[in-house]
1. Filter segment 158-192 down to residues that are assigned to a loop (DSSP other than H, G, I, E, B), in contact (Cβ under 8 Å) with a residue 60 or more places away in the chain and within 17 Å of residue 122 (Cβ to Cβ) and give me whichever is farthest from the chain's Cα centre (by Cα).
2. Can we say residue 161 is in the same structural domain as residue 124 (by TED's automatic domain parsing), surrounded by 23 or more Cβ atoms within 10 Å (Cβ to Cβ) and not small (Gly, Ala, Ser)?
3. Go through (1) surrounded by fewer than 17 Cβ atoms within 10 Å (Cβ to Cβ); (2) among the β-branched types (Val, Ile, Thr); (3) within 18 Å of the chain's Cα centre (by Cα) and name the single condition residue 79 misses.
4. Residue 189 - would you say it is at pLDDT 95 or above, of a type in the set (Gly, Ala, Ser) and more than 18 Å from residue 107 (Cβ to Cβ)?
5. Could you list, ordered by first residue, the pairs with Cβ atoms under 8 Å in which the first is in segment 75-97 and more than 21 Å from residue 180 (Cα to Cα) and the second is of a type in the set (S, T, N, Q) and surrounded by 20 or more Cβ atoms within 10 Å (Cβ to Cβ), at least 6 apart or interchain?
6. Residue under question is residue 91, and the condition is that it be aromatic (Phe, Trp, Tyr) and surrounded by fewer than 19 Cβ atoms within 10 Å (Cβ to Cβ); does it hold?
7. Test residue 204 against the stated conditions and say whether it is assigned by TED's automatic domain parsing to the domain that holds residue 17, in a loop (DSSP other than H, G, I, E, B) and either at negative phi or not small (Gly, Ala, Ser) (or both).
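The values are calculated or read from the model by the stated rules, or taken from the named source; none is laboratory data. No experiment lies behind these values; they were computed from the predicted model shown. Note: ideal-geometry Cβ built from the backbone for every residue, glycine included; neighbour counts use all protein chains shown.
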Amino acid sequence: MSVTTLSQDAASDEILSRLSADGAVIVADVIDRTTVQQMTDETMPYIDNTPMGGDAFTGRRTQRTGALIARSPTCRRLVLDPTVIETARRFLAPFTKKILLHLTQTIRIHPGAEKQTLHRDRFAWGSYLPNSIEPQLNTIWALTEFTEENGATRCVPGSHTWDWEKRADADQFDFAEMAPGSVFFYTGSILHSGGANRSKHARLGVNLTYCLGWLRQEENQYLSCPPDIAKDLEPELQDLLGYTQGDFALGYYSDPYQDDGGRILGPESIVGRSRTDRNELGA
């Protein structure tokens, strides 16, 4: 089984169909080369100052740079891409009322990097979630060419339906080979990893992932994009970061610096918004 590549005008229905069948799919040429360059230019000063990973899993020849919402206006556009957001919301809808932005991270794999250990991203929450719940949907946006030689993400199509203990055979792997501006969608349950880079050039991508609104995010968005930065973002992006309630009575607070007793506030208030759904606070 191989990873399917869809055209840039692929609708959410088509993407969801491939995710259900294979656990992964590529959509080609979603953003143009100008946008790719903007994203690269905005993040490269931070990437250049990021140390290599400290172990085999994070990659001793790999740089991982986060806090992209605070650092990159172009990244905000990618997070809110209409087809991506629609797909993420629909994919996760059976298990949640709202979704959250789980992780923002550039990943630069340098020449000489070894392949990463195969894993399923859902185990960020350990093994506590029932197998029947899919907790996340992931994307990797290519900022350079992704090839098998330079470390394109390798995955095992169909493995999202396997028992966790099942191992993949060598002939079951495929690689997310794609041009700059393309995006690789994959579920939290599919076996995958960064590939080995046997080329002479670094491979650069942007990992943007979404999760159920009642789970803790992998990247702490309240610290990576604190209120003084988040207050200037558009409301949809604020909500994805977590500056809204995840569900009924989930995420409200009382201001410890105010002498107004235990007045309950929605997290929207910390970024200058009034809450829009009183029922979320049980009011």
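1. Top of the filtered list is 158.
2. No: the conditions fail for residue 161.
3. (1)
4. Yes, satisfied.
5. Pairs that qualify, where the first residue is more than 21 Å from residue 180 (Cα to Cα) and the partner is of a type in the set (S, T, N, Q) and surrounded by 20 or more Cβ atoms within 10 Å (Cβ to Cβ), are 91/187; 92/136.
6. In short, no.
7. Spelling it out, it is not the case that residue 204 is assigned by TED's automatic domain parsing to the domain that holds residue 17, in a loop (DSSP other than H, G, I, E, B) and either at negative phi or not small (Gly, Ala, Ser) (or both).
Residue-wise test of (1) surrounded by fewer than 20 Cβ atoms within 10 Å (Cβ to Cβ); (2) not small (Gly, Ala, Ser).
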site	(1), (2)
148	yes, yes
184	no, yes
191	no, yes
199	yes, no
